[in-house]
Each structure stands twice: as structure tokens, then as C-alpha cells.
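First up is the structure itself, then whatever we jot down about it.
Derivation of every value follows stated rules applied to the coordinates shown; laboratory data play no part. The shown structure was predicted, so the numbers you read here are calculated from the model rather than taken from an experiment. Note: ideal-geometry Cβ built from the backbone for every residue, glycine included; neighbour counts use all protein chains shown.
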Amino acid sequence: MSGYGGHLIDDTVVGVEPGFRAHLGDGSQLRARRVLVATGLRDELPDVPGVRERWGQDLLHCPYCHGYEVRDQPLGVLGGAPEAVHHALLVRQWSPDVTLFPHTDALTPGQRELLIARGIRIVEGAVARLVVGNDRLQGVKLDGGRVIPRTAVFVRPRFVPNADLLTGLGCEVDENGWVVHDPAGRTTVAGVWVAGNAADPRAQVITAAGQGSATAIALNADLVDEDVQRALADHHAAVAT
């Protein structure tokens, strides 16, 4: 980026004023004509001992990203989220040995029928912790002390957008808390744009990068149009004199 004239600043934007003035963590400020926010999201995980410690190792979230690596193994799916049953049905593609731990969920008769039809085992009871030995997941321990051996467990975290900068500028959000934007990344506040997981929880890396590129192109066109209109106004003023 620096080779193309860009200037990288290793700091944190702690706030943006309308206008736009960005306040950095070191106390300095920057002025900008437009703002593009690509601050991503954060994963809120179940408060179960072992979950945070094994996150990204053998406690996984995406069947499409990680399913192949743990195929044909004894797999678990940790409940506690509305999408847990659907998650278990997706994971079932990768192994004939899948166990759903509803944890704090109450399954409906329809959900149970789907799981049974697909050969997914249901183990009731609150999950006490993930059992780890030799830096590998060994199983899932229930409150009563029973341990169900598993080599990997999937969980659906709650996706929370890092959108404080956007909402602080007055950008509208939808009923789920995600910033409203058009396909080009324009928010409801003029001059404020968004790309990637800050606005789209489904965007994987390649999708978010594509969104960033498309938004940057649209934003640049917006700046060029503003420059042209300003030049045209100056031209008309010069001709009038």
C-alpha cells in the first residue's frame, strides 16, 4: 500500500465526528472526506469451560471451513444457539458419528425427528466442560459427570458486529443490529461506507475482500463526482466574472 502512496498508521480509531474528524488512540486527529469502516465482527462463545481455550483448534464453528479436516471422526455439536440443530445437520455430512448436546436448549418434536432421521445422537443435559488431554480434545463432560468421547466439537457463536464507529455516526441498523447498507457499501449516512463482516456476518475472507474492492471503487467514483461538480461550479463562477 505504501508503494502506491498510501500512509499506514499503527493506531486505533477511538471515535469519528461527523464531518469527518477521526480521533486516534494516541490523541491525534485526522480529517477525511469519506469514511470506510471495515472493523469486522467478534464471536461471542458459550460460557463453558474449555470452549475459549480450544477455540480454533478442535472447537470449531464452520462446517465448510473445517469439516473436511475432521471428517469421519466422532464429532459433537454444542447447543445454546437457535441454529444448533441446523448446524448439526450440516456437520452430519462429514461424519456418521455426530452427537448434538442441546445444553440449555429445549428441542421441539420436529427437531428431534429430523436429528433421529439423520442418525444424529442427542445427549441431554447441561455441558459442564470440554475435556482436554495432551493438548487435544478428549470429550464433552456433562454436569452429572458423564463424559462423551469426541475428537472435535462444533459450535455456532453469536456474531456481533464491531459497529460502534458506524452507530456513533448515526448509521441505521436493521432489526438484528447490523448496519443498513446498499450493495456498494453506502450506509444511511452520507459519506460513510462499510465493507466486510462489520455489515455482513456471512462474508468469508474472500467475500469480504471482494466487498472491500467493490466499495473502494464506488467510493472513489463518489469522490471523483464531487471533484467534478466542484470544478464545474468554479468554472461557472469564473465564466460569470
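The dipole here belongs to the chain: it is taken about the Cα centre, uses +1 on the Cβ of Lys and Arg and -1 on the Cβ of Asp and Glu, and is about 820 debye. Pick out which of ALA190, ALA152, ALA84 has the largest mean-square fluctuation in a Gaussian network model of the chain, springs linking Cα atoms closer than 10 Å. Result: ALA190 has the largest fluctuation of those listed.
Look at the dipole of the chain built from charges on Cβ: of PRO161, VAL14, ALA214, the Cα furthest out on the positive end belongs to PRO161.
Sparsely packed loop sites in the range 43-104 (the GluC sites (Glu not before Pro) outside DSSP H, G, I, E and B with at most 15 other Cβ atoms within 10 Å) comprise GLU83.
Counting only DSSP beta bridges with both residues in the chain, tell me the antiparallel percent, nearest 5. Intermediate results must be reported in sequence, preceding the final value.
Values: 23 of 39 bridges.
Percent antiparallel among DSSP bridges in the chain is about 60.
Residues in the range 143-157 carry Karplus couplings, in order, of 4, x, x, 5, 10, 9, x, 8, 9, 7, 10, 9, 9, 9, x Hz; the curve used is 6.51 cos²θ - 1.76 cosθ + 1.60 with θ = phi - 60°, and Gly or Pro positions show x. Helix 205-240 and the long axis of the chain differ in direction by around 10°, with both axes built from C-alpha atoms.
Positive-end ranking of THR188, ALA238, HIS86 along the dipole of the chain, with charges on Cβ about the Cα centre, is headed by HIS86. Among VAL189, VAL224, VAL91, the residue with the largest mean-square fluctuation in a Gaussian network model of the chain, with springs joining Cα atoms closer than 10 Å, is VAL224.
Test of understanding: in a Gaussian network model of the chain with alpha carbons linked when under 10 Å, which of ALA106, ALA218, ALA163 would top the mean-square fluctuation ranking? Highest fluctuation among the options: ALA106.
Pairs of alpha-carbon atoms within less than 8 angstrom and 6+ residues apart define the contacts here; what relative contact order does the chain have, in percent? Could you put the intermediate results ahead of the total?
Working: 400 pairs, mean separation 49.0, N = 241.
Relative CO of the chain lands at 20 percent.
Scanning the chain for trypsin sites (Lys or Arg not before Pro) lying in DSSP loops with no more than 14 further Cβ atoms inside 10 Å, the longest uninterrupted stretch between such sites is 147-201.
Remark on the chain: CYS171 stand apart, with no other cysteine beta carbon under 4.7 Å.
Listed from fewest to most Cβ neighbours within 10 Å, the set ILE148, ILE120 follows the order ILE148, ILE120.
Taking all Cα-Cα distances within the chain, those exceeding 29 Å account for 48%.
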